[in-house]
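The values are calculated or read from the model by the stated rules, or taken from the named source; none is laboratory data. Computed from a predicted structure; not experimentally measured. Cβ atoms come from the backbone with ideal geometry, glycine included; neighbour counts cover every protein chain shown.
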Amino acid sequence: MNTVTHHLPDWMIRAYVAGGLGRAFSLVVAAHVTLCDECRAQMEGEEASGGIVFEDQRPEAVAVDLKARVMASLDTVPASPAQPAQQGIYPGAVMAALKGRAPRWRTLGGGIRQAVLSHDAEGSARLLYIPGRVAVPDHGHKGLELTLVLQGSFADETGRFAVGDVEVAGAELEHQPIAEQGAPCICLAATDAPLRFSSFVPRLLQPIFRI
Amino acid sequence: MPVKPAPPGTSDAPMDAPSVQTLWLLAVRDHRDRAAFGQLFDFYAPRIKSMLMRGGMSAAAVEDIVQDAMIKVWQRAEQFDPTRAPASAWIYRIARNRQIEVLRRERRPLPDDLISGDEASDPDAADIIGLQQDANHLRAALHRLPQDQRIMIEQAFLGELTHSEIRDATGLALGTIKSRIRLALERLRHDLRTLR
Ligand SMILES: [Zn+2]
């Protein structure tokens, strides 16, 4: 287990557990929890709370034949395939988003590459590949941005982030992450709104790069 | 495991026993006990339905999810670890996963499992009882909250709040349950390391 120092906020874990997080953020939460027992314990604690509320509800009668149908199909319904397993630096949830294949990197310039994993109205998730000592272009964002380090490390105005660490950046943060010397930094990044790069990629091109 | 079950879903359950639901789930896990599964169905299926009906789906669509979720309970029982989750929490998670899968038409991203191999040390009944005690404390704490806070927490976990509403609401203080789960995870990591 890595020594993770930057964790997910409790409310985000709670929102995941309650089913209220969009796809992109759910992916980061699942990937971070794979790498962080502290947040896994928080998640399972939130699930215990959820289980209590769930159990305390007033029951709603189900159709009279539902039980018989379930009992009859217990051993006949095939189990759905499990999520792909963790592979190398990529947690299983990321492997699932990659459809079990290696990332298909696209060059952004300056040695930086990205692989978009998902992109919808609720936000986007992508992998970023940043060579050592290269800066990710200065950018702000409209909403929240989560960045989880999978390999290498980066540092910005708010601190240093190594494998397993997650940075939670609000709209107010204009930050300039710089990959540290050594192995290229590979991150899983997710936003609930499109990124605005203040330089580097002309705004016009942003829809094409989907960033 | 010679422990007396607590009555289902009550806040005044004895503090020294796993819930009867957890015992049923263990009977399913360890003995593929269909009668115990029937008990789990009778208790949880109407609660899964109750939770999902809040989302505005039709009763028929909800019952399809109830059916799928209960079958998954049967299929995945071997993954149930009573030192980390009471039955209620584990089934709550399965129902949520299935609901999201149906609503979004895609798999929910899940943390990789941490499952002990067969060789791993058998959990102590005391750990299971400890977790149940923590869960009972959590339930008591929820019941002590002012009504508006309690309702908000219920709405959050039953899927009625957006993530920004959850961010702004206070959560339930987890108390000792988190550190107990943390210890169980450490033990599991240790067992997995010795296995390799
Ligand atoms: Zn963490």
What is the residue count in the range A:107-121 for residues that are among the hydrophobic types (A, V, I, L, M, F, W, C) and in contact with a helix residue (DSSP H, G or I) (Cβ under 8 Å, 6 or more places away or on another chain)?
2
Going through (1) outside any loop (DSSP other than H, G, I, E, B); (2) within 7 Å of chain B (Cβ to nearest Cβ); (3) within 16 Å of the ligand (Cβ to nearest atom) one by one, A:His32 fails only at (2)
Scanning the range A:61-70 residue by residue, those part of a helix (DSSP H, G or I) and either more than 7 Å from every other protein chain (Cβ to nearest Cβ) or at pLDDT below 95 (or both) turn out to be A:Ala68
Can you find a residue in the range A:52-60 that is more than 7 Å from chain B (Cβ to nearest Cβ), more than 16 Å from the ligand (Cβ to nearest atom) and of a type in the set (A, V, I, L, M)?
no
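Okay, residues lined up against (1) at the interface with another protein chain (Cβ under 10 Å from one of its Cβ atoms); (2) touching a residue at least 12 places away in the same chain (Cβ under 8 Å); (3) crowded, with 23+ Cβ neighbours inside 10 Å:
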position	(1), (2), (3)
A:Ala18	yes, yes, yes
A:Cys36	yes, yes, yes
A:Glu47	yes, yes, yes
A:Thr76	yes, no, no
A:Pro84	yes, yes, no
A:Ile89	no, yes, no
A:Ala96	yes, yes, no
A:Arg101	no, no, no
A:Ile112	no, yes, no
Any residue at all in the range B:16-37 that is touching a strand residue (DSSP E or B) at 6+ places or on another chain (Cβ under 8 Å) and over 24 Å from A:Ala61 (Cα atoms)?
yes
B:Ala85 fails exactly one of the following numbered conditions: (1) in contact with a Leu (Cβ under 8 Å, 6 or more places away or on another chain); (2) in the same structural domain as B:Ile177 (by TED's automatic domain parsing); (3) aliphatic (A, V, I, L, M). What is the number of that condition?
(2)
